[in-house]
1. Report the residue count in segment 125-177 for those that are closer than 20 Å to Phe83 by Cα, open to solvent by less than 30 Å² (accessible area, probe 1.4 Å) and not in a helix (DSSP H, G or I).
2. Taking the condition of being more than 30 Å from Ala70 (Cβ to Cβ) and open to solvent by less than 30 Å² (accessible area, probe 1.4 Å), how many residues in segment 280-318 meet it?
3. Look through Ser227, Ser266, Ser321 and report the one residue that is at pLDDT 95 or above, of a type in the set (Gly, Ala, Ser) and surrounded by fewer than 19 Cβ atoms within 10 Å (Cβ to Cβ).
4. So in segment 47-67, with the set limited to residues that are surrounded by fewer than 21 Cβ atoms within 10 Å (Cβ to Cβ) and of a type in the set (A, V, I, L, M, F, W, C), which one is modelled with the highest pLDDT?
5. So, Glu118, is that one closer than 22 Å to Ser321 by Cα and either exposed (fewer than 15 other Cβ atoms within 10 Å of the Cβ) or at pLDDT 95 or above (or both) or not?
6. Is it true that some residue in segment 234-249 is among the small types (Gly, Ala, Ser), out of contact with any Ser or Thr (no Cβ under 6 Å at 6 or more places or on another chain) and more than 30 Å from Leu206 (Cα to Cα)?
7. Checking Ser84 against (1) buried (at least 18 other Cβ atoms within 10 Å of the Cβ); (2) over 25 Å from Val46 (Cβ atoms); (3) small (Gly, Ala, Ser), only one condition comes out false. Which one?
8. List pairs: first in segment 149-168 and closer than 15 Å to Tyr304 by Cα, second open to solvent by less than 40 Å² (accessible area, probe 1.4 Å) and hydrophobic (A, V, I, L, M, F, W, C), Cβ under 6 Å, 6+ apart or cross-chain?
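The values are calculated or read from the model by the stated rules, or taken from the named source; none is laboratory data. Given the structure is predicted, the values throughout are model-derived calculations rather than measurements. FYI the Cβ positions are ideal-geometry reconstructions off the backbone, even for glycines, and counts take in every protein chain you see. Surface accessibility is based on the protein's heavy atoms, side chains included, excluding ligands, DNA and RNA. Shrake-Rupley method; radii C 1.70, N 1.55, O 1.52, S 1.80 Å.
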Amino acid sequence: MKKNVFYRIISSALAFICVFSLFSCSPLKSTKKERTVIMTVGEYKVPYEVYYYISKNLESEKLDEKSLKAEAIDMIKEIYAVFSLAEEYGISFDDKYIKANADKAAEQAIEACGGEKEYANELDKSYLNDSTYRFLERHNLTAESLLLKIKDSKEYAMDRKAKLAFANSDELIRIKQILITGEGGTAGVDDTYYLTNVEHTDEQALAIAEEAHKKALAGEDFDKLVSEYGESLFMFNNTDGYYLCRGMWDKEAEDAAFALEIGEISPVIKTDGGYSVLLRCEKSDEYILNNLDEITEDYYKALYKLLIEERKGELEVKTNSAYDKYVG
């Protein structure tokens, strides 16, 4: 449900070009300003080039200056929270394997672009430079390795019996959703999740959601209302709805969903996606058996997200005079 700006930005950075094979390149040098450390996150030093990339991509969110700075720092904390947690699982973003594969990705991109100059021009369009591109590749590789380690760890590994126990517990619920997108709710969002040919003001979206909610409380068929009012393509393509555990949605929507009893309809709730009406449904044993691997994978992704959020909250950010000079 949640429009995840962080992963949209990171993903667009790493998929900006087709990839081919090449095994050598001369690294492109960052400027002195780009290399300058402007803050620390925990024990990690953050150069200006990383902040610049994040903040420039956030400009499309139309935030005021104070909110943009806060959001950029929060996203930077999330990046370094991955590195911090990974170290506890014996993974270093300076690992030779991770660095070598990040360098290989950059070398492939240089070849695909037709040379360093063309590669630099493509990076510049996304407010990137060579150093930040390689850094983000290392971040993604570290994150992938960390997720695998979490899955295999003594604390979180599950055999089939444990997977079934989780799926049948109250930690997993089944939810159907009528989503009406609000202002900006369709902007920049992958159209596999939201209709992109519908736009509302927040006032219009709320009024539509309240109308759907009134009909749902009156006993009209919820699936019919999803079809009539809903703007979530997920619900159109997955009539079973969401099998939801903590960490999959934003907290406000999850709190509303988990507060419901089976058969109960939520009030209209405001989320990042817009306005939603939720119905909690009985889980299907057949669905669980047929989709256990997918359910488990969603659980691990949600667990990973929660662990990163927890670590992010533990990291202290300290800006310095260079931050004041370059960011203000």
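1. Here the count works out to 1.
2. The first filter runs over segment 280-318 and keeps only residues more than 30 Å from Ala70 (Cβ to Cβ), leaving 280-297, 299.
This time we only want the ones that are open to solvent by less than 30 Å² (accessible area, probe 1.4 Å), so: 281, 288, 292, 295-296.
Summing the residues that are more than 30 Å from Ala70 (Cβ to Cβ) and open to solvent by less than 30 Å² (accessible area, probe 1.4 Å) in segment 280-318 gives 5.
3. Numbers: Ser227 fails: at pLDDT 95 or above; Ser266 fails: surrounded by fewer than 19 Cβ atoms within 10 Å (Cβ to Cβ).
Only one candidate qualifies: Ser321.
4. The extreme case among them is Leu58.
5. Numbers: closer than 22 Å to Ser321 by Cα: no; either exposed (fewer than 15 other Cβ atoms within 10 Å of the Cβ) or at pLDDT 95 or above (or both): yes.
Criteria not met by Glu118.
6. Kept after step one, since they are among the small types (Gly, Ala, Ser), are these residues of segment 234-249: 241, 247.
Applying the additional criterion that residues be out of contact with any Ser or Thr (no Cβ under 6 Å at 6 or more places or on another chain) yields 241, 247.
Pick out the ones that are also more than 30 Å from Leu206 (Cα to Cα) and you get none.
For segment 234-249, residues among the small types (Gly, Ala, Ser), out of contact with any Ser or Thr (no Cβ under 6 Å at 6 or more places or on another chain) and more than 30 Å from Leu206 (Cα to Cα): absent.
7. Condition (2) is where Ser84 drops out.
8. Tyr156/Ile150
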